[in-house]
């Protein structure tokens, strides 16, 4: 898949996209706990590879119903991730106000992908049909398992049953076609696999 953007939802730590039909921004990271006495915060990157977050210095975040702009003054690499110093929040007391905020950028700021690559958020919401034209449901999210990414498919009104399915995202073998314009993901997957 090349570069991946694993959008995260604040509710379940799993890839997801905002509830709008046509998203305008992507969640690239989430701010964790404060770190040290100078106002540094942990940054949980949802980009793949994780260090791609270092390419972004200005983010938007939603706090108390309004949008704020946050500017990273500096990043530092730490074991297991990154910490950042956010302009205007240079004390632990101020930085604590940012804990839990999701850091977004406009979709137009994301790098252009090769023709056959997709961002995870582009797959979410696609209808999934197998080689027999049976609807298996809709892509809810993707999971990163280490071996290969996995699609989480939830049933919809058109699906053949009400089962949730986990389908490996393996191009060519399992994934036969991705039609973003048609909102369709075609898979080589029998309806009764893993029953």
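What to note about this one:
- Based on Cα atoms of the range 126-166, Rg over Rh with Rh as the Kirkwood radius reads 1.01.
- Ordering 174, 105 from the fewest to the most neighbouring beta carbons within 10 Å gives 174, 105.
- Proxy reagent accessibility, fewest Cβ within 10 Å first, across 75, 121: 75, 121
- Scattering profile of the chain at q = 0.13 Å⁻¹ [log10 I(q)/I(0), Debye over alpha-carbon scatterers]: -0.73
- Cα→Cβ-extended label distance, 7 Å offset, between residue 68 and residue 177, nm: 4.8 nm
- For the chain, adding -39500 (n - 2.57) for each run of n ≥ 4 DSSP H residues and dividing by the number of residues yields -500 deg cm²/dmol at 222 nm.
- Taking the number of Cβ atoms within 10 Å of each Cβ as an exposure proxy, the fewest-first ranking of 59, 46 is 46, 59.
- Hull volume per residue, based on the alpha-carbon atoms of the range 64-138 and their convex hull, is 199 Å³.
- Contact order relative to length of the chain, as percent, for alpha carbon pairs under 8 angstrom and 6 or more apart: 19 percent
- Kirkwood Rh and Cα Rg combined as Rg/Rh, the range 133-195: 0.93
- Note on the range 39-92: Cα-only Rg and Dmax are 11.5, 33 Å.
Bear in mind that the values in this text are calculations on the coordinates, not laboratory data. Since this is a predicted model, take the numbers as computed values, not measurements. Here the Cβ is made from the backbone with ideal geometry for all residues, glycine too, and neighbour counts use every protein chain on show.
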